[in-house]
Amino acid sequence: MRSGGWHFRAGVSREACSLRVLRLSFQERPIAVWTYLAGPFLAFLPTRWRSAYLSEAPVNWGRATLLSGIIESITAIAALVVWYSVFVTRAGPAIERHFAWPYSGETGLLSLYMHPVTWMICYFGLEGAVRMLAGLVSDEAPGTLPLALVDRAAWIIRQGEWRSKPTLVRDKVERRGESRELRIASCRAKEHWKYPLTIRYKGEFFQVQGEEHFSAERSRPHVYRLKKLPANEIIKGLKEYDPENVLHEEKLPGFFATVAGELKKKWS
């Protein structure tokens, strides 16, 4: 009887383990679907858009960006082959009429190299390689530059660069809960306040957790949540904070400065 009971319990345990493994596989399936099917295309979006609209999506952004970079590079190579064929077919006869052999071939290649379409295709191929390496090595998820510029332009318009500027007021700092969390409301957005940035305020270290925007609060619409940094956690980036700093207005960068800044972040 004991032996039979033992075999019965062992069989039940094996069935329970099998059901648990099956349940976990079904739970992980949506992550794989999002990461490998939708993720490579969603990874082209800027980080701000993904944080705002896709924060709940079960996507491994590092792997999605790796696949996205591979797709972008392969597409650029294919587009370059197609563009070469189109350029030779359409521009070749015109070049041969104006330049005799063997200079027509060299002139055609030089014209192809200097054409803006060639530069654009090569840029996207190189950008895809950089995004692929970022997803593979650092597990980061940079989007594509054109959409990043659109996001930046929309942010500038939304912040009212071409409208009347808001009145500068001192940041409002509130402490909440026993964990001594900070809630900082500011009249201006703090672009570099992203997780896991650490700020030092009155000799204490706090880590940025997130940002909220309240349009109804016209004087301080930008609200940041911070929590006290644990003693055993490594500081990742450090910035001194003073609620009075916001009163020293900084001029927002123009269009060309924005493009240069995005390129610098892309290739750094």
Quiz item: How do the pairs read when you match residues in segment 49-60 that are under 17 Å from L147 (Cβ atoms) with residues anywhere that are surrounded by 14 or more Cβ atoms within 10 Å (Cβ to Cβ) and among the acidic types (D, E), using Cβ under 7 Å and keeping only pairs 6 or more apart or on different chains?
Solution: W49/D151
Quiz item: For the subset of segment 200-230 comprising residues that are loosely packed, with under 12 Cβ neighbours inside 10 Å and of a type in the set (G, A, S), which member is modelled with the highest pLDDT?
Solution: G203
Practice problem: Could you tell me which residue of segment 161-199 is modelled with the lowest pLDDT, considering only residues that are under 13 Å from K228 (Cβ atoms) and in a loop (DSSP other than H, G, I, E, B)? | Solution: S179
Quiz item: So which of L54, L37 is surrounded by 14 or more Cβ atoms within 10 Å (Cβ to Cβ) and among the hydrophobic types (A, V, I, L, M, F, W, C)?
Solution: L54
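The values are calculated or read from the model by the stated rules, or taken from the named source; none is laboratory data. Remember, predicted model here, so these are calculated numbers, not experimental data. Counting neighbours? That spans all protein chains shown, and the Cβs are built from the backbone with ideal geometry, glycine included.
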